[in-house]
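S.K.: Dumping the structure here so I can ask a few things about it.
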Amino acid sequence: MSDLSISVSGMSCGHCASAIKEELLPLRGVQDVRVDVPAGLVTVVGAGELEESAVHAAITEAGYQVVT
């Protein structure tokens, strides 16, 4: 199991968390997604190796920006 924590800007509410989860959960290997809106943090829990580029692309597709 692997965890990937990512700082994300532009989140402000529960709808933001839902939109991000909707994009991330279908990705291969993703088991769970935890979104901490006030902290601007998304944690992706995977069964094995997670493709970080695919996770970043999904967050961008949801309309939010990955903070590097």
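The values are calculated or read from the model by the stated rules, or taken from the named source; none is laboratory data. What you see is a predicted model; the values in this text were computed from it and never measured. Here Cβ is always computed from backbone atoms with ideal geometry, including for glycine, and neighbour counts include all displayed protein chains. What goes into the accessible areas is simple: the full protein's heavy atoms, side chains included, and nothing from ligands, DNA or RNA. Shrake-Rupley method; radii C 1.70, N 1.55, O 1.52, S 1.80 Å.
S.K.: Do you know which residues across the stretch 19-35 are at pLDDT 95 or above, open to solvent by 70 Å² or more (accessible area, probe 1.4 Å) and either within 13 Å of residue 3 (Cβ to Cβ) or not aliphatic (A, V, I, L, M) (or both)?
M.R.: Within the stretch 19-35, 21, 22, 26, 31, 34 meet the criteria.
S.K.: I'm told residue 22 meets every condition in (1) out of contact with any Ser or Thr (no Cβ under 7 Å at 6 or more places or on another chain); (2) part of a strand (DSSP E or B) except one. Can you identify the failing condition by its number?
M.R.: (2)
S.K.: Considering only the stretch 28-57, state which residues are under 20 Å from residue 68 (Cα atoms) and β-branched (Val, Ile, Thr).
M.R.: The answer is 33, 35, 37, 42, 43, 44, 45, 55.
S.K.: Looking at (1) surrounded by fewer than 13 Cβ atoms within 10 Å (Cβ to Cβ); (2) not in a loop (DSSP other than H, G, I, E, B); (3) not small (Gly, Ala, Ser), which is the one condition that is false for residue 44?
M.R.: All conditions pass for residue 44, except number (1).
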